[in-house]
Amino acid sequence: MKAINIFLIIILSFIFSNCKNNKKIGFSIIGEIKGNFEGFIFLKYEDRIDSTLVKNNIFNFKGNVQEPLEAFLYPGSPSSKEQKVIAPFMLENSQIFISLNYKKREFRGNNIKYIKIDTIYGSKSQDLRNNFDSKMAKTFHKETNDSIKTSLLYKNIYDFININPKSVLSGEYLAEINNRYDYLSSNQLENLYKLLDTCYQDKKDLKYVKKLIKRRKVLDYGNIPPKIVLPNQNGELIDNQSLIGNFVLLEFWASWCGPCRKSNPELMEIYNSFKGRGFEIFGISQDTDTEKWKEAIKEDKLGWTQVIDTLNNSGRMYNLTTIPYNVLLDRKGKIISRNVKPSKLNEILAEKITK
């Protein structure tokens, strides 16, 4: 008998056996794996790790969660060093049926175990996530105009939270998506926060949204951000507001920050294209080691103004939670963009600075 037929029989027998009892106590996952998989599959959620032996391409997990949350299926032990691609999904106390595709892929000489969810049903939270992702793909991700993207993002999140105020995804989207895209204003974030039923949200998400709101109140478009006065490589105090009259990128970085160093060559290209034409970069390092900071400046051949904040006072003033992060100011020192990528920065400067 084929694995898929066995899978269907197990599902049907499971459903009928549970018709007599309407109480849903905990979760039960029944799954199949398409592909030549042997051994144990692992389930990780919260701080827990469970495993089960896959037999005839079928596996089962049972347990209990207090509220819907993101879980992960692993094709090998989560603690092992072998490279693997895992499958995330929304876990809740219900009967969940999952069909996985399994492959081994070679990458740079290593065999990588790869699993991907083909179909899943029985998790209402996963259905909500799929529907929201589909809506974002059809609207927000297709748009290129920033002002329209802002409206679409606000509407999409508003509609989701308004209909699902108790869903843990509402708090997650408000925190994670807004941190990633940095479009919405403090007023918009506050309006969305008020829609949440906070009793059902992850406390970390709520705390982070409050941090975002606090940051946006400082960095809303049109604001003049807090003044920064810090020493350069020669120990001379430099004031970012001394650069008013130019478009200025306040670039928060550090020598130990991989993504920061990776973007430096692109920033140098942009700086070389627009310096002397009304554009400056004001680099604010969060390094604690002054020598490593100076070495990084030389290695990356950074030609713009650099200052160091070993106590990270500027990061606290700007309510930053991560680097790299930047703020773009117009000639009057007012904020016109936040967390702008090099490609977008180049577009903005090409439009605003007369050749």
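For first residues located in the stretch 217-236 and more than 15 Å from GLY315 (Cβ to Cβ), partners that are polar (S, T, N, Q) and assigned to a strand (DSSP E or B) and lie 6+ apart or on another chain with Cβ distances below 8 Å form the pairs TYR221/SER337; ASN232/THR305; ASN232/GLN306; GLN233/GLN306. In the stretch 237-251, of all residues being of a type outside the set (Ser, Thr, Tyr) and free of Cβ contacts under 8 Å to residues at least 40 places away in the same chain, the one that is nearest to TYR181 (Cα to Cα) corresponds to ASP239. Across the stretch 75-95, the qualifying residues are those that are of a type outside the set (Gly, Ala, Ser) and in contact (Cβ under 8 Å) with a residue 60 or more places away in the chain, and the one among them that is surrounded by the most Cβ atoms within 10 Å (Cβ to Cβ) is LEU91.
Yes/no per residue for (1) surrounded by fewer than 15 Cβ atoms within 10 Å (Cβ to Cβ); (2) among the charged types (D, E, K, R); (3) at pLDDT 95 or above:
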position: ASN164; (1), (2), (3): no, no, yes
position: SER170; (1), (2), (3): no, no, yes
position: GLN188; (1), (2), (3): no, no, yes
position: LEU196; (1), (2), (3): no, no, yes
position: CYS199; (1), (2), (3): yes, no, no
position: LYS204; (1), (2), (3): yes, yes, no
position: ARG215; (1), (2), (3): no, yes, no
position: VAL229; (1), (2), (3): yes, no, yes
position: LEU237; (1), (2), (3): yes, no, yes
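Number of residues in the stretch 188-216 that are touching a strand residue (DSSP E or B) at 6+ places or on another chain (Cβ under 9 Å) and farther than 22 Å from SER314 by Cβ equals 1. The residues on offer are ILE30, ILE41, ILE9, and the sole one that is of a type in the set (A, V, I, L, M, F, W, C), farther than 30 Å from THR198 by Cβ, at pLDDT below 95 and not in a loop (DSSP other than H, G, I, E, B) is ILE9. The requirement of being in contact with a strand residue (DSSP E or B) (Cβ under 9 Å, 6 or more places away or on another chain), of a type in the set (Ser, Thr, Tyr) and modelled with pLDDT of 95 or more is fulfilled nowhere in the stretch 136-143; no residue meets it. Examine the stretch 113-135 for a residue that is surrounded by 19 or more Cβ atoms within 10 Å (Cβ to Cβ), of a type in the set (Val, Ile, Thr), touching a residue at least 60 places away in the same chain (Cβ under 8 Å) and outside any helix (DSSP H, G or I), and state whether such a residue exists. Within the stretch 113-135, one or more residues are surrounded by 19 or more Cβ atoms within 10 Å (Cβ to Cβ), of a type in the set (Val, Ile, Thr), touching a residue at least 60 places away in the same chain (Cβ under 8 Å) and outside any helix (DSSP H, G or I). Scanning the stretch 49-62 for residues that are under 21 Å from GLN126 (Cβ atoms) and either hydrophobic (A, V, I, L, M, F, W, C) or at pLDDT below 95 (or both) gives ILE49, ILE58, PHE59, PHE61.
Within the stretch 167-198, the residues that satisfy the criterion of being more than 19 Å from GLN66 (Cβ to Cβ) and in a loop (DSSP other than H, G, I, E, B) are ASP182, TYR183, LEU184, SER185. All of PHE140, PHE72 fail the test of being surrounded by 13 or more Cβ atoms within 10 Å (Cβ to Cβ) and touching a helix residue (DSSP H, G or I) at 6+ places or on another chain (Cβ under 8 Å), apart from PHE140. All of ASN191, ASN162 fail the test of being without any contact (Cβ under 8 Å) to a residue 60 or more places away in the chain and over 23 Å from ASN130 (Cβ atoms), apart from ASN191.
The condition of being within 28 Å of the chain's Cα centre (by Cα) and surrounded by 15 or more Cβ atoms within 10 Å (Cβ to Cβ) holds for only one of ILE224, ILE281, that being ILE281. In this structure, is PHE252 among the hydrophobic types (A, V, I, L, M, F, W, C), within 23 Å of the chain's Cα centre (by Cα) and closer than 13 Å to ILE308 by Cα? Taking the combined requirement at face value, the residue satisfies it.
Within the stretch 172-186, restricting attention to residues that are closer than 23 Å to GLU92 by Cα and charged (D, E, K, R), the residue that is surrounded by the fewest Cβ atoms within 10 Å (Cβ to Cβ) is GLU176. Quick check, is ASN319 more than 22 Å from SER186 (Cβ to Cβ) and of a type in the set (S, T, N, Q)? Here the answer is no, as ASN319 does not meet what is asked. Checking each residue in the stretch 256-278 for being among the acidic types (Asp, Glu) and in contact with a helix residue (DSSP H, G or I) (Cβ under 7 Å, 6 or more places away or on another chain) picks out only GLU266.
The values are calculated or read from the model by the stated rules, or taken from the named source; none is laboratory data. What you are looking at is a predicted structure, and each value in this text was computed from that prediction instead of being measured. Ideal geometry is used to build each Cβ from the backbone, glycine not excepted, and the neighbour counts take in all protein chains shown.
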